[in-house]
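Have a look at the structure below before the remarks.
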Amino acid sequence: MAHHQVLIVGGGAAGITVAARLKRLRPALDVAILEPSTDHYYQPGWTLVGGGVFSLEQTRRNEADLIPAGVSWIREGVAGFAPESNSVTTTGGQTLSYDALVVATGMKLCWDAIKGLPEALGKGGVCSNYSREHAAYTWECIQAFEGGNAVFTCPPMPIKCPGAPQKIAYLADDVFKRNADLAARSAVIYATATPGIFGVPTYAAPLREVVKRKGIDARYSHVLTEVRPATK
């Protein structure tokens, strides 16, 4: 059984950052990252993919290039946790023990929590920047928009990033306003599950001014529960 002082499950931004910080603070520390993917995607960049600023490829890096120096990379996924024995099993059949465990596996997207969304996503103007499979389609939708209601929703926690739906609403609004005729027949609606524009007062105050200046219809405590693509 292989042993590591610190085992990090997940080699995304969080796992890599923790490994880098630990090695900087204690260079002799034995740190390993358990991550099966050879591609690393910087997910915050997907908002900019949806806004036509980045290509999807610009958010991708080789995982090998991002593993901090001196950190072991185990190119497998986690299959099970056994905290009673300070160990995990991997998808390759290994058992790894540890002194300390960091779980940074990210979040699973549960599209089916919203009725009709799994069938609608990725076509007919229904898009999401939370997924690399759909982020580029957001930009297609923005470019093809001919007026009417452009609805942006922010679901209740836990979610990847509560700022992402708001940022793409601003980016889309900016694109629409480049065409005066399009802007005149367009309404940007931002419907968020939160009771206000943002949970941190320091940021909420200027964001309320942004919404006001842009003329965005912000609707609070609104939770998306169903998508009906046939009738939009």
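Quick note: the coordinates plus some simple rules give every number you see, no bench work behind them. Keep in mind the model is a prediction, meaning the values are calculated, not measured. Counting neighbours? That spans all protein chains shown, and the Cβs are built from the backbone with ideal geometry, glycine included.
Observations
- Between helix 135-144 and the chain there is an angle of about 10 degrees, using the helix long axis and the longest principal axis of the Cα atoms.
- Distance (nanometres) between label positions extended 7 Å along Cα→Cβ at SER72 and ARG24: 2.4
- Above-threshold pairs, the threshold being 27 Å between Cα atoms, out of LYS108/LYS214; LYS160/LYS214; LYS23/LYS167: LYS108/LYS214; LYS23/LYS167
- Exposure proxy order (Cβ contacts within 10 Å, fewest to most) of GLU133, GLU35: GLU133, GLU35
- Region 2-103 gives an Rg/Rh value of 1.04, both radii derived from C-alpha positions and Rh following Kirkwood.
- Against the chain, whose longest principal axis is taken from its Cα atoms, helix 201-214 shows a tilt of about 40°.
- One chain, two ends: GLN94 and TYR42. Fully extended at 0.36 nm per residue, the span grows by 15.9 nm beyond their Cα-Cα distance.
- R0 of 45 Å, Cβ-Cβ distance ALA183-VAL223: FRET efficiency to nearest 0.05: 0.95
- Likely footprinting exposure, CYS154, CYS110, CYS161, fewest C-beta neighbours within 10 Å first: CYS110, CYS161, CYS154
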